[in-house]
Amino acid sequence: MFKGSVFLIIATCVWGGVFLSPRFFPSFTALEIAYGRYIAFGLWSLLLFLKERQKFPKITRRQWGSAFAFAFSSNYFFYTLILTAFIIGGPIQGSLLIALFPLITSLYSNLVHRTFPFKLLLIPILVCLIGISFLNVGNILYHGGDAETKLMNKFLAALFALMAMGAWAWYGAHNSKFLNNNPHISSDHWSTAI
């Protein structure tokens, strides 16, 4: 349990780099930061693969194609979009929108798998939208500067964040379906492949 908790904290800190990376690397674009992150995770995955290669299941060419699609959607496309949202709209708006990921993923997964009625999510969706609206209106009105420019930046940041959420929701729903349809591939090995 302790070991798992330590890894959870480390993973959370690494993932939290999305908030800090634009500040640490201001001269780099979102694409460059995402590419560097993808290479770093790819090298780490390669080390894990080499360590586990004797136990690694046989993965077909088609399954490797799925791994590439999932990797692109979840690691590169998603991260580039969310970084762009942070750079344009700032970390506050990006954080608010990231908080919607569980809700958006649930909506999309339910759309794909139809596990419960959508009306159960109506109140949480409305509460989230009202809260985000209040926070963003306050941020635009009370932080000085050109309100029209800030509004456009917030809109663009929200658009990029929504596209990122779409990429992540697609990945979550379809990756889960893939693992259910391929029980011979463990989630550990599949994460390494992705």
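The values are calculated or read from the model by the stated rules, or taken from the named source; none is laboratory data. Being a predicted model, the structure only gives us computed values, none of them experimental. Cβ: placed from backbone, ideal geometry, glycine included. Neighbour counts: every protein chain shown. Side chains included, ligands, DNA and RNA excluded: accessible areas come from the protein's heavy atoms. Shrake-Rupley method; radii C 1.70, N 1.55, O 1.52, S 1.80 Å.
Observations, loosely collected:
- Solvent exposure of the chain as accessible area per residue, Å², 1.4 Å probe: 64
- Per-residue HN-Hα couplings for region 19-35 [Karplus 6.51, -1.76, 1.60; θ = phi - 60°; Hz; x = Gly/Pro]: 6, 9, 4, x, 6, 6, 10, x, 8, 9, 7, 4, 4, 5, 5, 5, 5
- Rounded to the nearest Hz, the phi-derived 3J(HN,Hα) couplings of region 50-64 under the Karplus curve 6.51 cos²θ - 1.76 cosθ + 1.60 (θ = phi - 60°) are 4, 5, 9, 4, 5, 9, 5, x, 5, 10, 6, 4, 5, 5, 5, where x marks glycine and proline.
- Gyration tensor verdict on region 25-82 (Cα atoms; rounded if a/c is under 1.5, prolate if a/b is larger than b/c, oblate otherwise): oblate
- Model label points for Phe155 and Glu52, set 7 angstrom from Cα along the Cα-to-Cβ axis, are 4.6 nm apart.
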